[in-house]
Amino acid sequence: MSSLKSFFKDTVIYGMASVLPRLISIALVPVFTKVLILAEFSDQTTWYVYAAFINVLLTMGLETAFFRFYTSEVDKDKVISTAFLMMMGSSFIFAIAGTLSAPFVCNFLGFKDPLFIQILVLTTVLDTLVVIPFAYLRVSGRPIKFMIIKVANVLCWFALTAMFLLVLPELIPKSDFLMNTIGFGTSYKPGVMHIIIANLFASLFTLFCLAPEMLKIKWAVDKLLVIKFINYGLPIMIAGIAYAINENMDKLVIQRLIDKDANGMYAACYKLGVFMTLYITAFRMGAEPFFFNHAASPNAKEKYSKIMTWFVIFGCLFLVFVVGFIDVLAGLFIKNEAYLPGLMIVPIILVANLFSGIYNNLAIWYKLTDRTYIGMYISILGALLTIILLFVLIPVFGIMGGAIATFLTYFIMTLVSYSLGHKYYHVSYEIKKIAAYIIISCIFCYISFILFRGNYFVSIIGLGLFLIIVAIIEKLNIRKIVRFDPF
């Protein structure tokens, strides 16, 4: 089997494991926009923003470190047990500290009820404990189980959320049994609390699903491995925090500089950029193990170059499609017209996410050369840029400033990473071709979004023309892919 065929197979399988759960969760966006007012949508977004930051801190960069040392160390069991017990330790300390300090940090983070913080603590701890078991399923070649549990998790969250937000508001006023037994009463009003409670139960369900894998882990810690994990993972953790800032700080700053209504509008429309995010996630799930496993092959750099080109091609295809049919997609996902003015940010967010994906692919140079500290510096630069640009641009451009800041940050990070990678681990990426695809796709987006908004005949023509251009330029490569020839 050619390496290209193997790569696409891994990407499809692991991509489905990540994309399907997110697609199911995206199905709740219409529910959220129907049930929640703008300010409430902002509150639930803020809760998940803080969860993202906490998860980065608790995992300590150990997931990537696990992949790195599982392939290089002889004693695989020690790698698994050491990584898992390190995460368990960080989770235990955080659980105690977070629970005790919940009343104090509640107002600081902008929540009214300490229960928000307590649920946040418990949910993030549960999510941290399953990181290494999930990573082990990936590295040991069990994608089906990985996918089933991931999908089951989000189905559980989906079902509970739908029950809390849609079903119970209809049943409770009509049922004396529910009123008396559950204690909601006729004053029951679905809201953000019910969404995060559903998330908590889904995380607990996932923990039970992975319990058999966790019970197999030996209770042994290798001190030398701990040092290796920390040295390798700490820069990745710092980079992860910086990445979380790049991805989420806009939602925190907009509600501070403007208001929660503006943030709710921004956050809801930002969700339409999920199509690019899903693609990037699916790609990364297959690419990261592939990059490490083929690092020693004689033509590894040639493979990385080809993979980057095709990543950009498909990313640009998603860009042209989503922007061309933005109003159709908005009609499917946004059920309250109060959110619709925020659609103007979507094209910029999509391009920003594309550059985020390019940056993630470029990052292989510092992971393979064990220069993760440089990746940390680049991420810190990105975080600083994000913060500065947000405070400069939002007062001038409103919520559009958040989108522009996100794009500029990822664009600059991509340029910096490419320049440094050219020095330390040179890969001959097809820069001119990649730039051409991005420029052409942006031109088609401008035509469909600005000049002919809502004219889907023009959107279809643009999509078709882009595919024809790709087919002409990549004719030889497409033949190789179809025949699964090695490259």
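The values are calculated or read from the model by the stated rules, or taken from the named source; none is laboratory data. As the structure is a computational prediction, the values presented were derived from the model and not from experiment. So basically every Cβ, Gly included, is an ideal-geometry build from the backbone, and we count neighbours across all protein chains shown.
Would it be correct to say that F111 is within 23 Å of M249 (Cβ to Cβ) and not basic (K, R)?
yes
Mind listing whichever residues of the stretch 343-389 are among the β-branched types (V, I, T) and without any contact (Cβ under 8 Å) to a residue 40 or more places away in the chain? Talk me through it step by step, then tell me what you get.
Step one: list which residues in the stretch 343-389 are among the β-branched types (V, I, T), which gives 345-346, 348-349, 351, 358, 364, 369, 372, 374, 378, 380, 386-388.
Of everything in the stretch 343-389, just one residue is among the β-branched types (V, I, T) and without any contact (Cβ under 8 Å) to a residue 40 or more places away in the chain, namely I388.
Of the residues that sit in the stretch 204-254 and are under 23 Å from S140 (Cα atoms), part of a helix (DSSP H, G or I) and of a type in the set (G, A, S), which one is nearest to the chain's Cα centre (by Cα)?
Applying the filter and picking the extreme gives G233.
Just give me the residues in the stretch 81-111 being within 17 Å of L129 (Cα to Cα), of a type in the set (G, A, S) and in contact (Cβ under 8 Å) with a residue 60 or more places away in the chain, in sequence order.
S81, A83
Among residues belonging to the stretch 378-402 that are of a type outside the set (A, V, I, L, M) and within 20 Å of Y243 (Cα to Cα), point out the one that is modelled with the lowest pLDDT.
S379
Given the conditions (1) modelled with pLDDT of 80 or more; (2) of a type in the set (S, T, N, Q); (3) over 21 Å from the mean Cα position of the chain (by Cα), report the number of the one that T124 does not fulfil.
(3)
Can you tell me which of (1) surrounded by 15 or more Cβ atoms within 10 Å (Cβ to Cβ); (2) of a type in the set (S, T, Y); (3) not in a loop (DSSP other than H, G, I, E, B) is the one Y429 doesn't meet?
Going through the list (1) surrounded by 15 or more Cβ atoms within 10 Å (Cβ to Cβ); (2) of a type in the set (S, T, Y); (3) not in a loop (DSSP other than H, G, I, E, B), Y429 breaks only (3).
Inspect all residues belonging to the stretch 469-485 and state whether any of them is among the hydrophobic types (A, V, I, L, M, F, W, C), loosely packed, with under 15 Cβ neighbours inside 10 Å and at pLDDT 90 or above.
no
Checking F333 against (1) within 27 Å of I443 (Cβ to Cβ); (2) crowded, with 22+ Cβ neighbours inside 10 Å; (3) modelled with pLDDT under 90, only one condition comes out false. Which one?
Among (1) within 27 Å of I443 (Cβ to Cβ); (2) crowded, with 22+ Cβ neighbours inside 10 Å; (3) modelled with pLDDT under 90, F333 violates only (2).
Restricting attention to the stretch 354-365, and to residues there that are aromatic (F, W, Y) and closer than 20 Å to T386 by Cβ, which single residue is modelled with the lowest pLDDT?
If we take residues in the stretch 354-365 being aromatic (F, W, Y) and closer than 20 Å to T386 by Cβ, then Y359 is modelled with the lowest pLDDT.
Quick check, is V154 out of contact with any helix residue (DSSP H, G or I) (no Cβ under 6 Å at 6 or more places or on another chain), assigned to a helix (DSSP H, G or I) and either of a type in the set (S, T, N, Q) or under 22 Å from G191 (Cβ atoms) (or both)?
Criteria not met by V154.
Could you list, ordered by first residue, the pairs with Cβ atoms under 6 Å in which the first is in the stretch 44-61 and at positive phi and surrounded by 20 or more Cβ atoms within 10 Å (Cβ to Cβ) and the second is of a type in the set (A, V, I, L, M, F, W, C) and assigned to a helix (DSSP H, G or I), at least 6 apart or interchain?
Correct list of pairs: M60/M237; G61/I236; G61/M237.
Among the residues of the stretch 62-83 satisfying the criterion of being among the β-branched types (V, I, T) and crowded, with 17+ Cβ neighbours inside 10 Å, which is modelled with the lowest pLDDT?
Across the stretch 62-83, the extreme among qualifying residues is T64.
Among the residues of the stretch 421-448, how many are modelled with pLDDT under 90 and among the charged types (D, E, K, R)?
Qualifying residue count for the region: 2.
Within the stretch 299-326, how many residues are in a helix (DSSP H, G or I) and over 16 Å from F444 (Cα atoms)?
Here the count works out to 12.
For the stretch 371-421, what are the residues that are closer than 24 Å to I236 by Cβ and among the β-branched types (V, I, T)?
T372, I374, I378, I380, T386, I387, I388, T406, T409, I412, T414, V416, listed by residue number.
Would you check if there is a residue in the stretch 449-461 being at pLDDT below 95, closer than 24 Å to V328 by Cα, hydroxyl-bearing (S, T, Y) and assigned to a helix (DSSP H, G or I)?
Narrowing the stretch 449-461 to residues at pLDDT below 95: 449-461.
If we keep only those that are closer than 24 Å to V328 by Cα too, we end up with 449-461.
From what's left, hydroxyl-bearing (S, T, Y): 456, 459.
When the remaining residues are screened for being assigned to a helix (DSSP H, G or I), the result is 456, 459.
Looking through the stretch 449-461, at least one residue is at pLDDT below 95, closer than 24 Å to V328 by Cα, hydroxyl-bearing (S, T, Y) and assigned to a helix (DSSP H, G or I).
Working only within the stretch 330-368, note down all residues that are among the small types (G, A, S) and assigned to a helix (DSSP H, G or I).
Our first condition is that a residue be among the small types (G, A, S); within the stretch 330-368, this holds for 330-331, 338, 342, 352, 356-357, 363.
Those that are among the small types (G, A, S) and assigned to a helix (DSSP H, G or I): A330, G331, A338, G342, A352, S356, G357.
Which of the following residues is buried (at least 19 other Cβ atoms within 10 Å of the Cβ), under 13 Å from I399 (Cβ atoms), at pLDDT 85 or above and not small (G, A, S): V253, V312, V351, V323?
Result: V253 is the single residue among V253, V312, V351, V323 that is buried (at least 19 other Cβ atoms within 10 Å of the Cβ), under 13 Å from I399 (Cβ atoms), at pLDDT 85 or above and not small (G, A, S).
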